[in-house]
Every structure is written in structure tokens, then in C-alpha cells.
Amino acid sequence: MESEVNDIKGVVFDIQRFSTHDGPGIRTTVFLKGCPLACSWCHNPESQSAHYELFFNKKICIDCGSCNKTCPFGNAREILQDSELRKEKCGSCLLCANVCPANAIEKVGKIYTSDEIVSEIEKDLPFYENSNGGITISGGEPLLQYDFTIDILKKVKRKNIHTTIDTSGFASKEKFLEVAPYVDLFLWDIKITDENLHKKYTGAPLNPIIENLKVVDLYGTKTILSLILIPEVNMNDQHYKAIANIYSDLINVQGIRLLPYHEYGNSKNERLGIMNHDSYSEPTDKEMSDACKAIQKINNQIKILQ
Amino acid sequence: MKKVDRRDFLKRSSAVGLGALILGMSKDLVANNRIDNTPLGWNTPMHSMAPKRLSDLTHRLAKTALSGEHGRSMVHADWTFKERDDRSLSNNTRYALAAMSIAQNAPLRIDSGEIIVGSATLLEASMNNVPLAGLPSTSHTTLGYQNVLPIGYIGLRKKIESRLKQEDLDDKGKDLLKSMLILLDAAQVWNNRNIAYLEQKMASASGDEKIFIQNTISTLKQVPENPPSNFREAVQSLWSMYAFQRLMGIYSGIGRIDEMLGAYLKQDLKKGNISLSEAREILAHFWIKGCEWIGNTDSKGSGDAQFYQNIILGGIDANGKEVTNEVTYLVLDIIEELHISDFPTAVRVNRNTPDKLLRRIAEVQRLGGGIVSIYDETGIIESLVKFGYPIEEARSFTNDGCWEVMIPGKTKFWYTPSDSLVLLHSVLGLREPVQTLEYPDFESLYAAYIKKLEENIADVNRGIDNVYQGDDHPLAAMFVEGCIEKGRGFDNKGPKYNVMAIHYGGFSDTANSLLVMKKLIYEQKYLTLSEFTQILKDDWKGNEPLRKLIQNRFEFYGNDNNESDAMLQRVFNDYTEIVSRVKERNGIYRPAGISTFGRELEWLPQRKASPSGNKSDAVLATNFSPSPGTDKKGPTAVLKSYCKMDFTRVPNGAPVELKILPNSVKGDNGIEALMGLTKTFIKLGGFYLNIDVIDSATLIDAQLHPEKYPNLPVRIAGWSARFTTLNKQWQDMIINRTQQIV
């Protein structure tokens, strides 16, 4: 048996219990910080950086002034509202977050050991058992914190818990092959199928993502393709055709889920002090059902999951 | 009128935005919250997601009943009867003669197409009073329909007559039983009038309609007088018995309807006399009849149609055999399709409950309204046995009208509600000056609280000692074991079990408050007790940062945090131990229960600021659920926290409510998730679970545009009410409870 370090640490920005959209049954989803992609529509912008960050939610601030009193620059409120000022002045000392009584300033990202994550996961064990649920590691990109992720997977697999990885697909082939034995299901993001546009919008090349998908599929692990749909970006037949081609090459794919873009990320950008973020329009219910029909028109064998 | 859309809602629901929306609403909108005489826009199906199995006719009858049309056409009993003031007659005789006069004179109403007939049409009755007699009637019990249905009134009459023949009854007893015989005569008179009314209708009918009416007449000629010989007769008989109780203003639970009716349906199906869809129509008409008091009067603040007509499904019978049968599923079909919340329905489940049933429950729950709730019966039966009931009776439990468990057909039930949190406020000197506020350590503070609770419970017990020396309610009494045998009335300790449950609420906030004081004052020594109580006396004025710090840094009950859950566990154990010291006194049983039933509003004026970071005007936890806004880890954590309690200690019950967003339980996986919650609730050992699938955006839209939501049920506490019939304070409470999950 390979040796194992017991307390591998990782940076986690959220643990969500009763998660019902990230794989089958009732799940606990662990969100890891850090992502190799930088999608301009990201709905969890706080997941992109691998480091701590500070959220400042002005709406719930009670103006008590505690943060400014403790800030080495004496000016936490102003600094946090502007990402440029943050770069210049904020030393991430976290003092303001520690004193803020209203949680208006919040530290995003907490260090956990894999054992701590496992014990958090185990709290809902009976719910997984009674709903065919389990855990999902999401992000960010889980494989960016590869050691942490695989350690969690090995530990929960030993307890016979169903495991899902929600991935951007962007990591080395070797890493995917190494985690695959411990993964029951991959939720695989395919954001754009045009090589150039993919690079433009996400900052990363498309090719490795598709290659990794094929590798994982050949290995025999189940996958579900996750398609974020943004009217201005990818809601067109060309994209759907490319998706249908990828889909029909796969052996163990379980279906496709269509995720409408939502503006939820905007408020998070504001909390990070990022004012000049791209904005897109949300697809309407009709546009979503049209997309569904368009994909099935191309290939009616494709299973669209709810 | 635009629906508040989700995005817009999220923007507006920030702490400030929502406050302005809810709190700043103009009075005009509140006044508009009545549906009154405005015709309803019933151009949409009952529920857009519900399958349609029932006939158009049944849908039409349901819509009419739900619209409040019948309730609005109810009349006062505006005549009198000659014996009313005849003091030479006993109270019971005059009661029975009032019933006779009502049977002879109350308006009848039978609508075309109704399979199940008989209407309690007097307004006084719908307001829980005895018409003509001008007396309050009774409620909060499930009468013994399961005993009378199989023998019919004819069997009941024989039982009363043979008891009268035994020479050992005293005068009171004889008087009571004789009045029961008059009541049975009255029931027959009423039934015969209904038959005559139908015969008149039939005279002008032809073809199919004539046959239809003829069938109804034949049914009424058989029941409720005689034992039913088929399913239709059984349903009609149950309704006739129930409706006659209603005619005299009695609000009663129905009980285990699938156990009562299942055998009749099974036999009919076997003989090929009926199809399942025919049976569904018949039973649906029973459900529709249960709506006919809607619109009877100006609604209470807490919503319309609270007539305590509870239904229980599933579970094991007295011999330990599973009850679930075709009727169980038909009931769920009907609720799913018609969305009628007026029979609050609870399903008894256990570890052997088939997945098929759990799936159906989840499918119905998902449509919202909180109409179908869950008892984990194994622990409840154990708690009842521990309390002293024989196992067969414990296995037969139903409820009183909300969710407090009781033995049907054998019980006079009532309860005393008290607030546990206000006692903590007293101990802290927030309500009246206290002699000393010196508690050197947490244990002495805790001991002072428990002492206060003990004293309070002792007071409650003394108050209970002399209850149940009241009216005989002979009509209810003849449906309750013990009354005929002893010759004693319903409110005179005639029933086999006379129960006055002791209920306290507010424990979630009490435990949270104790935890805060333990940590801040005694462990971290952040401030002294007298400093803290001064802050509370000032209602946190000038101490908003501390208040926020407490709200945000503590993980309170409901987050699966062992420390905070242990605090509640400790209070829970002490409370149930104190109540269990007096199980019975003066012939009155006193099981412990935990409830608020919406009294978190009524208790506001007495409540002060709480150490758990709440100002004096905050509406706090309902029943045994976490305090609003404190359950930050979702429904699984709430259930984990809740199920840490040993519910065999609380024989009258302690419910938990879960609010779940429709979005999180959509699709096939949503059903798996809902089933997973229920199965785990059973596995961990809970008591009573209510899941309401609801979106606060919908509720806010309904508050703004009530006319769009004539039948939007929401779970309140032990019952569901149509949201638009709640007053604004109640609506806001429900929205705030739901708000946390957005």
C-alpha cells in the first residue's frame, strides 16, 4: 500500500450541505480555491485565486468602524471597495475580517486538513445512504489542489461514499488518471467549443480539456457534461454540433446538463472590489428550452438531464 | 401585474431591501388581503405540475368549495326551539333537543354531482359553537369514528340502550345516555331530510342524473344508520357521522382514514364492484366536502379554515401490522391533484415503510403547501408506552387537530401553552427587578433558570387539577370510549383518558441564549452578567456590534454543532424530567409537549431582548425548530441537530419544520433528496417533520397580489392555511421563516 500523509492541507472556500445539483442524491459539496481558468462570466470569482481573499459586502455593513480602527492603513472600508487599491495597500492581514461583527468583511478561504474535510463530510453520511448521494469536490478546479483532493477521495472511498468531481477538465492527464479510480462521476465543464474563443474567454486552451475527457472516459469513469449557456457567447448551433460530436465519441457519458448563466457572480465581484467585470445577459426559460431542443435535434440520443 | 422575478427579488431581499419591502408596505395592501366576494380567477389548473386523474366535474366542485362560495352562503340559526329555556330539563336534554331542532330546520345543501352529501350549514357551528344553544362547542380531539363506523348508529344505539338497562348508572349517567338516544334520533331526522330533499330533486331529473341521485338515496338509506356494505357507503357513513358532529359545532379530527376504509375498498375491488379511479372520485368528494366551511367568516389573523379535521395515514395497527393500503395512495393522489390543505394530513412512517409510499409522499410534498407531514412512529409509540398506555393503544395513536399525539376515540384532550424564554428573561431581571443577579458561575445561573421553570410548571399543574368539570358534550361523548360505560360526559372525565398536555415553547432561543451567556460571561469573561443584562434592558441600543457579533459568530441550535445542540439537549432533558414527575393527578394525564403554534407572535409583548442577539420585537423560533435565520447549514444539519434529542421523553410531541426551496428539489433527484430527508429522519429517530417546499419570492408576490393566489397553502404550525387569508403580521412571520434559505 502506498504511504499516505495524513494531514494534507488545502484551501476551501465553502462547504455546502444538502447540495442537490452536483451529482446524484443529497450531497456535500466542498469548494476548493484556485482555478487555472479565468472565465469572464465566472459565478464564483472568489474561487479563482488560490489564496485568501476578503469579501466586503457593503449592504450588511453596520458602520461600526471596527475595521478601520484595526486596519494598519486605518482605512479598510475604502481599500476593500477597490481591487486596485487592494493590490496597492491591503496586506491581507485579515485583522478587519476578524473584528467585523456583521460579517460584512469576510475572509474567503479557510485551511482544512483532509481529515477535517472527511469528518465534515461524514456528518451527513446517513443522508447520502438514504438518497444514493455522496460528496462532490468542486472549485475552482479540484485538481489544482491535487494532493489534497486525492487524499480526500481516498479517505471517503474507504468509507464507501459516492464521489463526484466537478472539474474544468484542465489539469495534466496523469493527474486525471490517478484520481479516476477514486471517482464515481465527473461533472465535466465544456464552456466553448471553438479553440480561439475558448482561449479568449477562459484564458486556457480547449484541446487538453477534451483530451482529458476522452482519457477519463476510456478509463471507464462516468461523466456528465456541464454546459454553461450564455446568449452572447455560446448559444448557437455550431457549439451544439461540436458538443454532440464530443458526446457521441464518449462511452461512459451519462448525459448533459444545461446551466443557464446567471448574474449571481456580479455581486461577488463587487464584494471583491472588482468593478469592471464583464457582464452578460441571462438566457430566458424559452432560450433554455430552445437550446435543449436544438441539441436533441442534432442527436436525439443525447440525454439532457434536469 | 408583474411577478417579482427571482433576480429582482434577490436584489431586494438584502437585509435592507427586504425590510423595506415587507415592513414598509402600505396599509392599503393589507386591507386587500381578503378574498371576500371577489370572484376567483380559476382559469388555471389546481397546480400546474399536478397530474389530472379526477373528472372535470370533481374539479369544478373542488374549485367552487375552495372559492369559499359555500362558506359565504352559510346562515345563522335564527329560530329558537321551545325547550330552550325550560329549566326543568337537564342541560343534556336541552342540548339534544337543540340538535333535534337543528336537524329539523337547518338549511340543507346538496349540489348537483356531489357523490358524498350532507352539509353543516350553520355559521355558529363553523365558529365552534353549538347553534341555538349559544354555548361553546368542543374541539381538539379525534373522535372514535373507527369504532362507530363498522357498527353504524344502530350498533351505537344498542350499546347505549344496553348500558341504560344495567341498573348501576346514577341519575347523571342516565340523563347523559338518554340525551345520546335523542341525538341519534336527531341524526336520523337529518338524514331523512336529506333523503327527502334528494327525492324531490329526483322528481325533476331524468336519465343519468336520475340514476345518480337514486344511488345517493340508496346509500343514505343504508348509512350511517347501518354498517356499511361497500366502499361508497363507508365513505358516506364516515362523512355523515362527521358532518353531524360539525352540525353541532364540534371540530374533530378524523383519524386513520386508510385503516377505517381500506377493508371496504379491498373487498369491492376484489369483487370487481369498483375501479380505483371510481374510488378516487368518491374519496375526492369527501375531501371537497371538507372545504365547505371556507369563507364562513372573517378570517383570523392566523388564516382561514382551521377546523382541526386531521387525517392520519399509514403506520402500524394495534397488532403491529402495516396499515398502508390503496386508500393511503388515493388520499395522496387527491391532495396532489386538488391541493386541498383543509384536512391536514400526516403519514406515520417507520423503518419498514415501503419506498413506494415514501416516493408518493415526496411527490406530493414537492408541490408545496406543507399539507402532508411525517410522524416517525417508532419512537412515538415507545414514548406512549413509557408514559403508560398499553402497546395496542399506543400503536393506534392519531392527533388532536394539530400534531399533538393522542389515542383516538378514548381521549379528552387539551393542552396548556407556556413560554420558556420569558422565564429566562425573568431570571435575568428583565421583566421585574430581581433580588440578586449574582451568579458566580454558569451552573448557578442555569440552576436558577431550572428552578424558575420548576415553579412555573408546578403552577401549571395546580391550574390543571380542577379542569374537566364542564359540559358533557353528549354528541362528542357518545363517540368516545368511557363516556357511555361510566355515564359521564366528555368534559367531565367520562373519556377513558383525560389529558391536559403541558406544552412549553421557546426552547431553541432559551438554549441559544444560555450558550451565549456561558461563553461570553463565564468562559471568555468578555463582559459581566450585570453589564450584559443592562444591554438587554436597553434592547441592545448602542450595542449593535455586539449583537451582530453574537448572531454571526455563534453556531446555534440547528447547525449540527455538538456544543449548541448539547445545550438544548440539557434544557430539553431537564424540562421533560420535570414534567414527567406528575404524570397523572386528579384523574388528568399530563404528558409533556413542545410547541408554539404561532404563539411566537402572541408572546412578543411579554418577551424582552434575548441574549442570543435578538431584540425584543424579533419573532423567534416556531415549535422545536431553529430560530429564524440561525440555521445556516441547511436542512440536513437541522435534522441532525433536532434528532439528537431523545423524543421518547416527550410523549405529546415536539415538531420540526423545514423550508426547502423548490429549486433544490426539482427533477428526479429532487424526489430522491426529499425521500432521503424523510428516511434519515426515521433513521435518526425524530418525532414530527413538516417539509414545506416554498420560495419566499412567491410568498412576497402573493402578499402584493393576493388575487393571483386564491389557494396557496403554507404550513403554519400544526396546520396549513391559505397564505392570502393570513393577516400581515402572520404573513411576514412566514416570509421571514422562509427567508433564511434564499
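The spacing between the stretch B:172-209 and the stretch B:648-708, judged by their C-alpha centroids, is 43 Å. Modelled this way, with points 7 Å down the Cα-to-C-beta line, the labels at B:E531 and A:D237 are 7.3 nm from one another.
Within the stretch B:551-593, name every residue whose backbone N is under 13 Å away from a label modeled 7 Å from Cα of B:Q469 along the Cβ vector. Hits in the stretch B:551-593 for B:Q469 at 13 Å: B:586-587.
Protein heavy-atom surface of chain A, 1.4 angstrom probe: 48% of the accessible area is carbon and sulfur, with nucleic acids and ligands not counted.
B:Y153 sits among other residues whose Cβ lies under 11 Å from its own Cβ, and their net charge, with Lys and Arg +1 and Asp and Glu -1, is +1. Shown for the stretch A:111-137: residues covered by the partner protein chains by 50 Å² or more of accessible area relative to the chain by itself (probe radius 1.4 Å), namely A:K123, A:F127, A:N130. Ordered by 1.4 Å accessible area with all protein chains kept, B:M127, B:M248 run largest first as B:M127, B:M248. Averaged over the residues of peptide B:557-564, the number of Cβ atoms from other protein chains lying within 10 Å of each residue's Cβ is 1. Computed from label points 7 Å out along Cα-Cβ, the spacing between B:S229 and B:D185 is 2.8 nm. Between the stretch B:248-324 and the stretch B:463-501, the alpha-carbon centres lie 25 Å apart.
Surface listing: A:K157, A:K175 arranged by accessible area from highest to lowest gives A:K175, A:K157, probe 1.4 Å. Applying the criteria of a DSSP loop state and at most 13 other Cβ atoms within 10 Å to the chymotrypsin sites (Phe, Trp or Tyr not before Pro) of the stretch B:51-131 yields B:W79. For the stretch B:580-682, the square roots a ≥ b ≥ c of the C-alpha gyration tensor eigenvalues yield an a/c of 1.5 or more together with a/b not exceeding b/c, which makes the shape oblate.
Residue ranking by accessible heavy-atom surface, 1.4 Å probe, largest first, among B:R87, B:R246 comes out as B:R87, B:R246. To put it simply, the accessible area of chain B at a 1.4 Å probe is 51 percent carbon and sulfur. Accessible area of A:L272 (1.4 Å probe, protein heavy atoms only, ligands and nucleic acids ignored): about 10 Å². State which entries of A:K214/A:K286; A:K268/B:K633; A:K154/B:K356 exceed 24 angstrom in Cα-Cα distance in the structure shown. Check vs 24 Å cut-off fails for A:K214/A:K286; A:K154/B:K356. In the context of the full set of protein chains, residues of the protein assembly as shown present 38 Å² of accessible surface per residue (probe radius 1.4 Å, heavy atoms only).
Using the rule -39500 (n - 2.57) for each DSSP H run of four or more residues, divided by the residues of chain B, the 222 nm mean residue ellipticity is -14500 deg cm²/dmol.
In Å², nearest 100, what accessible area do chains B and A bury in total when the solvent probe is 1.4 Å?
Counting both chains, the buried surface is close to 2500 Å².
On the beta carbon distance between B:K615 and A:K87, with R0 = 45 Å, the FRET formula returns roughly 0.65. Looking at the square roots a ≥ b ≥ c of the eigenvalues of the Cα gyration tensor of chain A, which shape do they give, rounded for a/c under 1.5, prolate if a/b is larger than b/c, or oblate? Because a/c hits 1.5 or more and a/b fails to exceed b/c, chain A counts as oblate. In terms of distances greater than 18 angstrom between alpha carbons, the cross-link table entries A:K159/B:K666; A:K59/A:K107; B:K52/B:K270; B:K201/B:K221; A:K241/A:K293 yield A:K159/B:K666; B:K52/B:K270.
Lysine pair count for the stretch B:469-552 (Cα-Cα distance under 26 Å; residues 8 or more apart in sequence or on different chains): 11. Counting Lys and Arg as +1 and Asp and Glu as -1 over every other residue whose Cβ lies under 9 Å from the Cβ of B:R256, the net charge comes to -2. Calculated FRET efficiency, B:K210 and B:Q606, Cβ-Cβ r, R0 51 Å, to nearest 0.05? With a Förster radius of 51 Å, E is 0.20. Taking every protein chain into account, the 1.4 Å probe leaves B:E69 with about 100 Å² of accessible area, to the nearest ten. Per residue of A:260-272, other chain Cβ atoms within 10 Å of the residue Cβ number 1 on average. Highest mean first, the peptides B:491-502, B:196-207, B:343-354, B:232-243 sorted by other C-beta atoms within 10 Å per residue fall in the order B:232-243, B:491-502, B:343-354, B:196-207.
Counting only DSSP beta bridges whose two residues both lie in the protein assembly as shown, roughly 30 percent are antiparallel. According to the square roots a ≥ b ≥ c of the eigenvalues of the Cα gyration tensor, what is the shape class of the stretch B:6-398, taking rounded for a/c under 1.5, prolate for a/b larger than b/c otherwise, and oblate for the remainder? The shape class here is rounded. For the residues of A:16-27, the average number of beta carbons from a partner chain within 10 Å of their own beta carbon is 6. Label reach from B:D168 (point 7 Å along Cα→C-beta): in the stretch B:487-518, amide nitrogens under 12 Å belong to B:487.
The values are calculated or read from the model by the stated rules, or taken from the named source; none is laboratory data. Computed from a predicted structure; not experimentally measured. Reconstructed Cβ throughout: ideal geometry from the backbone, glycine too, with neighbour counts over all protein chains shown. For the accessible areas, the whole protein counts, side chains as well, though only heavy atoms, and no ligand, DNA or RNA atoms are used. Shrake-Rupley method; radii C 1.70, N 1.55, O 1.52, S 1.80 Å.
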